[in-house]
Each structure stands twice: as C-alpha cells, then as structure tokens.
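Coordinate-derived values only; no laboratory data. Computed from a predicted model, the values in this text were never measured in an experiment. When we count neighbours, we look across all protein chains shown, and the Cβ atoms used for this are built from the backbone with ideal geometry, even at glycine.
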Ligand code: ADP
C-alpha cells in the first residue's frame, strides 16, 4: 500500500493546497495530510480549526479521487511523522523559485535523517499557483474578496475571524 504524507500549516487550506491534494491522490492509496502545529508561524487559526477545515474538504476530495484521506496533526520532526504514519513518500507543492531553496535544503537534510523516505514535488494548476495562505489572510484582513482563492466554508471562517467589512 502506497502511503503519502502531505505536510503543511494549512492556515487556512486554500485552493492551491486542494489542487495539490487532488494530484497527490492520483499517486498514492492513502494520503495523510499532516497539519503542523507550527507555533513559530503564529497561525491565525488554532490547530483544531485548521484540522476541522482540512477534514471538511477531505470528505469531498476522498470521494472525488476514490482515495483514502486521513488528517493527522503533528508537532514532531517531519521525518518522524512520516515514520509514524508509515509514509514512503512526502508530498510538497512547489510554487515559485522562492519555495525552491527552502525545499531543497529540507529534502537534503531529511534524506540524511532517513534515506528511505522520498520527497516528491507537485505543481498546482496555473490558476492556483500564486495562492499563498499568508496573502489570503492579508487580503481578508484588509476586507478584500478571497473567494477565488479558498472554498466557501474557509471564506466564511475568514470573515468570522476578521469580521465582515462590507459597507
Ligand atoms: P508550510 O508551513 O509547510 O509551508 P503551507 O500550508 O504554507 O505549509 O504549505 C504546505 C505545502 O503546500 C507546501 O509544500 C507549499 O509549498 C504547498 N503549497 C501551498 N500553496 C500552494 C500553491 N498555491 N501551489 C502549490 N503548492 C502550494
């Protein structure tokens, strides 16, 4: 059984993440979405809120792709998380050159920690490549419309966090 781990902060889950999840589901039998606690990033949404949003999206995605999707919060080393969930493959999304350097270093170091876990990079559809949770939050905070970047429930969660700014 091929098990993939797609880790991230998902603060919040965007259409970019969803596009990567769909593609990853074509490659594995079970996709574990690892939601990092990531205190350093000072997430807007609590771990529970992020997990609930990812779980809600996963139901539709699992049905659509006919793949088992499991949501797994984690607070340890990525490579240890991969071992915990028996993943042979770590899936990461690549957006622009800016992502590359960090990802390159992470693969290099993870490979030293455990050479048996492979990392694969997927690119989202051109429509979704530019989407970043950080910018989505910034736009929502300033009262902009993020409905092209996130699903309806996530949009509502953002409106609730920042309050509706419609005049
Ligand atoms: P992290 O804190 O690990 O960067 P994120 O939630 O920001 O967590 O991202 C998780 C993964 O999804 C990363 O591999 C990131 O590059 C990828 N990703 C996020 N948005 C997109 C997008 N629009 N297109 C492709 N990959 C993306």
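Tell me, 133, 58 in order of fewest to most beta-carbon neighbours within 10 Å?
Working: 133 24, 58 20.
Lowest count first: 58, 133.
Using only Cα atoms, tell me the angle between helix 97-113 and the longest principal axis of the chain; keep it within 0 to 90° and round to the nearest 10.
Once rounded, the angle reads 40 degrees.
Let me have the relative contact order for the stretch 1-157, percent, based on Cα pairs under 8 Å that are six or more residues apart.
Working: 232 pairs, mean separation 48.3, N = 157.
Computed over the stretch 1-157, the figure is 31 percent.
For the chain, what does -39500 (n - 2.57) per DSSP helix run (n ≥ 4), summed and divided by total residues, give at 222 nm, in deg cm²/dmol to the nearest 500? Numbers along the way, then the final one.
On the way: 6 runs with 74 residues, N = 167.
Estimated from H runs of four or more residues: -14000 deg cm²/dmol.
Any chance you could give the angle, 0 to 90 degrees and rounded to 10, that helix 15-25 forms with the longest Cα principal axis of the chain?
Around 30 degrees separate the two axes.
For the chain, with a Gaussian network of springs between Cα atoms less than 10 Å apart, report the residue from 129, 105, 88 with the top mean-square fluctuation.
So, out of 129, 105, 88, the one fluctuating most is 105.
Report the Rg/Rh value for the chain, based on alpha-carbon coordinates and the Kirkwood definition of Rh.
Using only Cα positions, Rg/Rh for the chain is 0.96.
Could you state, as a whole-number percent, how many of the C-alpha pairs of the stretch 18-99 are farther apart than 19 Å?
Values: 1418 of 3321 pairs.
Tail of P(r) above 19 Å: 43 percent of Cα pairs.
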